[in-house]
Structure formats: structure tokens, C-alpha cells
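The values are calculated or read from the model by the stated rules, or taken from the named source; none is laboratory data. Since the structure is predicted, the reported quantities are computational estimates derived from the model, not experimental observations. Here the Cβ positions follow ideal geometry from the backbone for every residue, glycine too, while neighbour counts run over all protein chains shown.
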């Protein structure tokens, strides 16, 4: 198939690229997700071009999140905890809060141009196609692709960046209005962690381009973040078909992590048993008690720092020594569930969560964020306790 990159006769801005692929014409509008100018451009393109279909960089969940103002109020927190999806939710909130923070400075709601595309298409009875991969799959693939230390680096670096309240000049505002800020942020993360760029940007370039090719119609307007335009165009020009199922799968946990996850508990229990056989039950009991305290105290301390419910602190202390002996569930999830049960967030706190997320002090005041805080701090406490207990008990075997 022949492909060529045409210059529009209507002389649109450089944000609009037109690609001819066989009998199809793709009008690709690169936008900034927090730009009123992008929203106006999208409306203009659809009104003037009257395409057969409009593709947007959204999946069903993100579309509902943008169009439904009460999306956070409908969050089923306990189910999310039971399904062990808190870490994914936190990443989602990191990205949403980052965009909201910039959006407030720019005076426009993040994703306005994507909603504008769907609304304008509806006005002209033009069908829309949600062309992005499901956000849950993208985030879980990103999370699974990172090593333990990369996850820690991402969380600490991401949170630190959010809490910085840097002055934004008029020049910087102009620059931000002309870019897809989320892709810019992901690009920066990609320099530090290339695996994130691959999952969050490169894979989605392929996914969106393939969905565009499969869309019905001769003339297709595609509204995507500016950071995706070059990748999409390159993929279209290559004219290759791709099995999307390959990048829709959530990869299993690393076998190395599974070995470590089960290996440490086996070594702990085995070491205590060995100590009991060779040094007596008293010595074995002392090591078992050390394990209990080494895990329970840091985990409970994490809950205390989070100013958790007293019962959450108590459960954290008693649960951590046992959850550390199985990779099936962590102390953080147990503590978070108990915290959500005894101090459930109220509707107002769901509404303000993306704003409160950027203010460190609010993590102790907003009950939803406090659940996250309990999860993070008790998990870290349990991790510290596990390694302290592991090295102490194993070293006692050789004394």
C-alpha cells in the first residue's frame, strides 16, 4: 500500500497531520490534554472535514472518567483492595493529579479536547471509536514491567515531583499549552526507566494506530496526544498488521519474584526448625519471637505514622509476621482493608482526592488518601522487617 504525508489544503496548523493509506485518509490531530486551544482545533477539524468516523485516544474507562463527574464517588474501594489493585489505583491517581495540577494553572480541565471530539462528533451524528488500550491493562503492564526498586523509585520520585510547587512563568505556560503534557512526563520517566516508555507510549502508539486502521470509513479524524503522533505515523507508514492481543495481556509476575516470595518464608521456617533441632526449643522460640517483633513493630509503626485507626495499628502488628511468610497477600493490603472498614472515606473526600493528592498534609486528613498512606507505610515496614528478620535468623543458623 502506498502512504504519503500530505499538507492540508485548508492550511491547518502543524498539529494536524494527514496520511493517505490506500483508500483511507487519516487526519491526525495532535493535542495537549490540558489545552483550550487544542479543544478548539479539534472542534474546527471535525466541523470542517465531516469525517466518516472520529477516533479518540480513550478507552471505555477513561471515557467514563472524563464524562462522569462523580467517578471517584463511585469507586468501590474495598473491592479494589480485595483484588489487590491499590498500587495500580495509586499510579492512576499520580497521573490524574499531575494533569489536574497543571490544568488548574492553565485554566482548563485535563482531557477537554478529547471530550470536545466526542461531543462535536455527536452533534453531526458521526460515530466515534475509542481507540486506546484499557487503562487498567496499561497500568498493570507498566507496574509488572518494573523491578521492585524501580517501583520504589517511581513512587518516591513521582510523589516528590507532585509535591513541588514550582513557579510557572508565562513562557512555560505557553510551552505547556502546545504539548501533550502527560506524554512529556512519560517521556522524561522513559529516560530514567525505558520500560515505562515502552508500555505507556510505544505500545499505545501501536495499539491506537492499529485501531485506526480497523476503523470503518474512508475519512478518519484521530484525536490523540501530541506525544503519540510521530509513533502512530511511523507505524502507519510501515503498513504492518499487529495482533493486539499480545499487548493486551497482563504479564505474569516474574518467576524470580515468585522464587524469592516463597524462598524467603521457606528459609525462615526451615532455619527456625533447624535451630530447634540443634540448639533447643528455647533458642528456636527466641528466633520466632524475633521474627514476629521484627515484622510487627515496623508495620505497626507505619500505621502509627499514618495516624491510622487503633484497630488498624493492632492488626498491622499481628498480621505482618504472618503475611510476610506468604507472597499471596501483603501486610499493606490487610491494613488498608481494615482502615477502609473502620474509617471509610466520605463523598466529599472522593471529590477532592486529585486536589488533595498534591498536598502532603492532606494525606492525613483525606480518609481515601489515608488508606493509601496506610497501605504504603505498612508495606514498607513489613518489607524492612522481613529483611531484618531474615538475615538475623539465617545468620543464627551458622553461629
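Would you check if residue 327 is surrounded by fewer than 16 Cβ atoms within 10 Å (Cβ to Cβ) and over 30 Å from residue 42 (Cβ atoms)?
no
Does residue 4 fit the bill of being at pLDDT below 75, on the phi > 0 side of the Ramachandran plot and not in a helix (DSSP H, G or I)?
no
Here is a check on your reading of the model: is residue 300 modelled with pLDDT of 90 or more and within 26 Å of the chain's Cα centre (by Cα)?
no
Any idea which of 338, 334, 307 is surrounded by 14 or more Cβ atoms within 10 Å (Cβ to Cβ) and either touching a strand residue (DSSP E or B) at 6+ places or on another chain (Cβ under 6 Å) or on the phi > 0 side of the Ramachandran plot (or both)?
Criteria check complete, one pass: 307.
Residue pairs, Cβ under 7 Å, 6 or more apart or interchain, first in the stretch 138-151 and outside any helix (DSSP H, G or I), second modelled with pLDDT under 80. List them.
Short answer, once both residue conditions are applied: 146/154; 146/193; 146/195.
Could you check the stretch 202-232 and list, in sequence order, the residues that are assigned to a helix (DSSP H, G or I) and farther than 12 Å from residue 132 by Cβ?
202, 213, 214, 226, 227, 229, 230, 231
Does residue 296 satisfy the condition of being touching a residue at least 12 places away in the same chain (Cβ under 8 Å), out of contact with any strand residue (DSSP E or B) (no Cβ under 6 Å at 6 or more places or on another chain) and part of a helix (DSSP H, G or I)?
Yes, satisfied.
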